[in-house]
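> Quick one: structure below, then a few questions.
Here, each number is a calculation from the coordinates, and none is a lab measurement. In this text the structure is predicted, and so the values were computed from the model without any measurement. Methodologically, a virtual Cβ is constructed for each residue, glycine included, from the backbone with ideal geometry; neighbour enumeration extends over all protein chains shown.
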Amino acid sequence: MAKKKVNVALIGAQFMGKTHSNAWRKVGMFFDLPVEPVMKVLCGKFPEELAVADKYGWQETSLDWEAIVNRPDIDIVDVCTPNFLHPPLAIAAAKAGKHVICEKPLANSLADAEAMLAAVKKAGVKHMCGFSYRFAPAVGTIKKMIAGGELGKIFHFRAAYQQDWIVDPNFPMVWRLKKKHTGSGALGDIGAHIVDLCQYLVGDVSEVCSTMQTFIKKRFVSESDTGISGKSGEKRSGKMDTVDVDDAAIFLGRIKGADTLATFEATRFAPGRRNFNSIEIYGSEGSVLWNQEDMNFFQYFNRNDPPLAQGFRRIHATDPGHPYMKAWWPAGHIIGYEHLFVHEIYDFLNNLGSKKAPYSTFDDAVKCQKVLQAVEKASATKKWEPVK
Ligand code: SOE
């Protein structure tokens, strides 16, 4: 029987537009879907960025997102723009009765994030915020192990998300470094991921203390700067602009209803760490370690192993029993960063018709945004701040 077609519009054609386009294109090839996604329209801000539409697999292009989200034939709107555009796009899509996917962090502020959640709830549409690392097979297995009591009572959740792409003082001003476009710097961009992983795997953060730092306070504006972003390696325009967000945030958290201690580090100034999103979880029965740069494996220490055989074992999270893996290749044939987005789109499509949402929703994203807000406040007050 022919499957119902669902027409997709993707807004944003840069890095996340690319990862999501790949996901929309691949999902039906590797997963059995209850519907058939049709890659209808790729929306962008500049004509030149839409040149990729054809090779990405989109049928049409548009510079008018407003017209597209209101088009009657569009069923799903996927928001992959800089953060400041998330609220207007997602709220308009919800009001038009479209299901909405939005990249993280949901918004630049808690108020905007809550407005987005209210809009999708009011419209009764499905909503997902793409916390992609939840969809790593190893992370899914770790979640099952914790839920199954295999780590016992959790003492510590520790996460460090370290990058180094702006250590070079010659890297120009881009939207991720301007508060009006991004909300916060490393905190909201990569800190959001580790906050979400903590709340997904261990529990909700109830209070935080923190400190944040901007290491390079002025950056040159490149000649190609669009007012949102310049491109690295471009000629200088002679103008300098102020970086008004954090380059790094470190914070401590306590977990609601438990005596678990959480430590978080989000930095873009760790030379050599290209995209080192790492978590460590230590419990009364055992511990696990995972990092995205080695994403097909995790390490597991079991306190109940025979005394002379104790140690961290390196588990291959590609055996078919690990989440999503049976859709890909035989054991040992590893997958990559882009597969996480195929997994999230699969989960979204596979549950379009069901009440449940086994993926990160706008509710989860608002919970994350509450922690981000508390971290920024704690950094200013230099006190422990509650997550409200
Ligand atoms: C930049 O830090 C970035 O692209 C993040 O915005 C993504 O969420 C992360 O997956 C990779 O790095």
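> Could you sort out which of Lys367/Lys388; Lys180/Lys377; Lys217/Lys367; Lys355/Lys388 sit more than 21 Å apart by Cα distance in this structure?
Working: Lys367/Lys388 9 Å; Lys180/Lys377 18 Å; Lys217/Lys367 30 Å; Lys355/Lys388 27 Å.
Lys217/Lys367; Lys355/Lys388, as the Cα separations exceed 21 Å there.
> Over the Cα atoms of the range 136-386, how large are the radius of gyration and the largest Cα-Cα distance (Dmax), in Å?
Over the range 136-386's Cα set, Rg and Dmax evaluate to 19.9, 65 Å.
> Let me ask another. Let me know the shape class of the range 1-154, please: from the alpha-carbon gyration tensor, a ≥ b ≥ c as square roots of the eigenvalues, rounded when a/c is under 1.5, otherwise prolate if a/b is greater than b/c, or oblate. Walk me through the numbers before you get to the answer.
On the way: a/c = 1.71, a/b = 1.37, b/c = 1.25.
Prolate, since a/c reaches 1.5 and a/b exceeds b/c.
> Under the definition of Cα pairs under 8 Å and six or more residues apart, what whole-number percent is the relative contact order of the chain? Spell out each step's value before the answer.
On the way: 873 pairs, mean separation 75.5, N = 388.
So the answer I get is 19 percent.
> Right, another one. Run the paramagnetic zone check for Glu285: 7 angstrom along Cα to Cβ, then residues of the range 130-153 with backbone nitrogen under 15 Å.
Label zone hits: 142-153.
> Provide the net charge surrounding Ala115, with neighbours chosen by a C-beta distance below 15 Å and charges set as Lys +1, Arg +1, Asp -1, Glu -1. Write down the numbers at each step before the final one.
Details: positive: Lys95, Lys121, Lys122, Lys370; negative: Asp112, Glu114, Asp363.
So the environment of Ala115 carries a net charge of +1.
> Post the alpha-carbon centroid distance, the range 89-168 to the range 178-236, in whole angstrom.
Going from one Cα centre to the other spans 16 Å.
> Choose one answer from Pro82, Pro37, Pro330: the residue with the largest mean-square fluctuation in a GNM of the chain with alpha-carbon springs under 10 Å.
Sorting by GNM fluctuation, first place goes to Pro330.
> I need the Kirkwood Rh of the range 67-207: take the reciprocal of the average 1/r across all distinct C-alpha pairs and report it in angstrom.
Values: mean 1/r = 0.0589 Å⁻¹.
When all Cα pairs of the range 67-207 are included, the Kirkwood radius is 17.0 Å.
> Mean residue ellipticity at 222 nm from the helices of the chain, using -39,500 (n - 2.57) per DSSP H segment of n ≥ 4 over the full residue count, to the nearest 500 deg cm²/dmol? Display every interim value, and only then the final one.
Numbers: 10 runs with 108 residues, N = 388.
Theoretical 222 nm ellipticity from helices: -8500 deg cm²/dmol.
> If you take every residue apart from Asn302 with its C-beta less than 11 Å away from the C-beta of Asn302, what net charge results, scoring Lys and Arg +1 and Asp and Glu -1? Each step should come with its number before you reach the end.
Working: positive: Arg303, Arg313; negative: Glu150, Glu285, Asp305.
Its environment carries a net charge of -1.
> Related question: Which part of the range 184-202 falls in the paramagnetic zone of Lys356, meaning amide N under 19 Å from the point 7 Å along Cα-to-beta-carbon?
From the range 184-202, the list is 200-202.
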